[in-house]
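Right, one structure below, let's go through it.
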Amino acid sequence: MKSNRHLNTKDTQLTEFQPFIEADNTILGLKAIINTMGDWVFVKDDKSRLLIVNDAFCEFFQMTEEQAIGKTLYEDIAQEEQESFMSIDKQVIETGIENIRDETISFRGGEMINISTRKNRLIGKDGKRYLVGVVRDITEVVKARNALKKSQEQLEKEIAAKDKLISVIAHDLRNPLQGIIQLVDMMYTTINGDDQKAREDLIDLIKSSTTNALTLSQNLLDWAQAQKGAIKAEEKTYTLQDILSQQLDSLALLAKNKNIEIVKDYNASDIVKTDKRLFQTIVRNLVTNAIKFTLNNGSICLSISNQSGELRVKVTDTGVGMSNDQKNNLFDFLTNTSSVGTRKEQGTGMGLVLCHEFTRLFGGKIQVESQVGEGSTFIVSLPQ
């Protein structure tokens with residue numbers, strides 16, 4: 001119902017409606033009572049015309065009692081709601097069934113309020129039927145209810161995030177650590193001291209498992225800090241060599257286990273302005289994810305460009321790709337479900353969630369293009 005504080009203010013003569021009021025002491029008796037009420041109270045006749053309004057009604061609609069008497073309010077609501085408005089009045093008067101309705105009304109100035117309207121039929125001593133309505137402003141109640149609902153949803157989300165975090169720590173962090181222990185045991189129990197090649201292979205596997213464990217633990221810590229708002233992007237000037245040299249050396253070890261080539265498509269001497277640690281985390285997680293889902297002997301291209309006020313990072317792989325459903329849930333911690341890699345690599349999906357979180361801190365955006373069986377391309381755009 002669209003209401004209007006400034007209803008038509010043409011003076012309506014009370015003469016026509018005075019007999020309705022004076023003929024029934026029941027109606028007269030209401031006037032003294034309803035003027036003590038803070039809710040907006042009105043009485044209508046069987047043609048839905050106002051007979052009595054209380055002071056609160058007049059104050060809200062900014063009119064005198066004389067101006068209100070005889071109106072239906074039909075003329076002051078939105079055209080699409082007029083039929084429904086009148087039918088409710090008619091239904092209550094005819095059936096005597098109470099009508100309670102919560103709704104939002106708007107005023108000409110754009111102000112929106114929530115109201116609860118209760119309408120009942122009253123039959124006078126002479127058998128005449130009247131409509132008695134009470135309208136309560138429930139705007140603050142609705143605001144409080146919505147705030148409570150929002151708080152409950154946030155609490156449920158935090159509890160779910162905590163439960164998932166505990167699961168990640170208990171399961172996914174334990175796996176690479178157990179793998180390291182088993183590999184060390186193998187070095188002592190099953191490898192001949194002269195078998196240098198087997199020993200080197202085991203050492204590479206241990207390094208790979210250790211890197212996975214460290215990456216996961218750092219991602220978990222970073223994500224927890226980001227949720228508390230404790231991480232801010234502090235940008236300084238670096239060359240890409242300064243930022244990525246050590247990172248890519250570590251990633252090369254992971255790629256080596258699957259004979260994956262990492263192609264660097266950028267100028268290492270290029271100067272960029274960024275937060276070194278956040279940028280490293282984004283690149284590390286994008287490339288690690290690409291390694292995980294790329295088959296043996298595949299390739300990954302890391303492309304970085306800095307032009308038109310935008311630092312653009314693109315990671316393209318020849319991996320297994322993903323479905324639309326997988327793409328839609330990639331960056332949400334609660335809905336993201338990690339898949340097993342092409343060599344049964346375990347993971348949590350935390351890396352991509354963190355990429356999204358840190359990209360947001362930069363004020364940038366992250367996109368993914370992928371089709372099942374055709375690999376994936378992740379594009380991160382950061383303002384400079």
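The values are calculated or read from the model by the stated rules, or taken from the named source; none is laboratory data. Note that the structure is a prediction, hence the values are computed from the model and not measured. When we count neighbours, we look across all protein chains shown, and the Cβ atoms used for this are built from the backbone with ideal geometry, even at glycine.
Observations
- Residues (part of a strand (DSSP E or B) and surrounded by fewer than 18 Cβ atoms within 10 Å (Cβ to Cβ)) located in the range 33-47: none
- Filtered by the rule that a residue be farther than 18 Å from residue 356 by Cα and modelled with pLDDT under 95, the range 306-317 gives 306, 307, 308, 309.
- Being part of a helix (DSSP H, G or I) and modelled with pLDDT under 80 is a description that applies to residue 157.
- Among the candidates 303, 299, residue that is in contact with a Ser or Thr (Cβ under 6 Å, 6 or more places away or on another chain), among the small types (Gly, Ala, Ser) and surrounded by 15 or more Cβ atoms within 10 Å (Cβ to Cβ): 299
- Taking the criterion of being under 20 Å from residue 279 (Cα atoms) and part of a loop (DSSP other than H, G, I, E, B), the residues of the range 290-332 that qualify are 308, 309, 330, 331, 332.
- The set of residues in the range 275-312 being among the polar types (S, T, N, Q) and touching a residue at least 24 places away in the same chain (Cβ under 8 Å) consists of 280, 281, 285, 288, 289, 294, 296, 297, 299, 303, 305, 306.
- Residue match in the range 349-357 (condition: under 30 Å from residue 155 (Cα atoms), of a type in the set (Asp, Glu) and without any contact (Cβ under 8 Å) to a residue 12 or more places away in the chain): no
- First in the range 82-102 and closer than 17 Å to residue 118 by Cβ, second anywhere and part of a helix (DSSP H, G or I), Cβ under 6 Å, 6 or more apart: 99/88; 99/92
- Test for residue 124: is it over 26 Å from residue 62 (Cα atoms), in the same structural domain as residue 74 (by TED's automatic domain parsing), modelled with pLDDT under 90 and of a type in the set (Gly, Ala, Ser): yes
- Qualifying position, being surrounded by fewer than 20 Cβ atoms within 10 Å (Cβ to Cβ), on the phi > 0 side of the Ramachandran plot and in contact with a Ser or Thr (Cβ under 6 Å, 6 or more places away or on another chain), among 309, 321, 349: 321
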